[in-house]
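Structure first, then comments.
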Amino acid sequence: MVELVDGYTIDDFEFRHVKTEGMKLYFECTNPDTEKAVRHVKNLIKGSEMGRALYFTVTAE
């Protein structure tokens, strides 16, 4: 997942991996619109081969 999301850019959103704690992955985004950022990441993961088989949660802090 880190390789999929880290460096992902869409519209005015760019995502960077910050840290990994156990199974939790943390990313930061250049755009403050967290709701739209969450949607972009969910769509990216759901559209990937791995994402269709995984149960995951995307949240904003």
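The values are calculated or read from the model by the stated rules, or taken from the named source; none is laboratory data. Quantities reported herein were computed from a predicted structural model and do not represent experimental measurements. Accessible surface areas use protein heavy atoms only, side chains included; no ligands, DNA or RNA. Shrake-Rupley method; radii C 1.70, N 1.55, O 1.52, S 1.80 Å.
For the pair Glu14 and Lys42, the difference between a 0.36 nm per residue extended length and the Cα-Cα distance amounts to 8.7 nm. For the chain, the fraction of C-alpha pairs farther apart than 15 angstrom is 46 percent. Accessible surface for the chain, divided over its residues, is 77 Å² per residue with a 1.4 Å probe.
Surface composition of the chain: carbon plus sulfur atoms contribute 49% of the solvent-accessible area (1.4 Å probe, protein chains only, all chains present).
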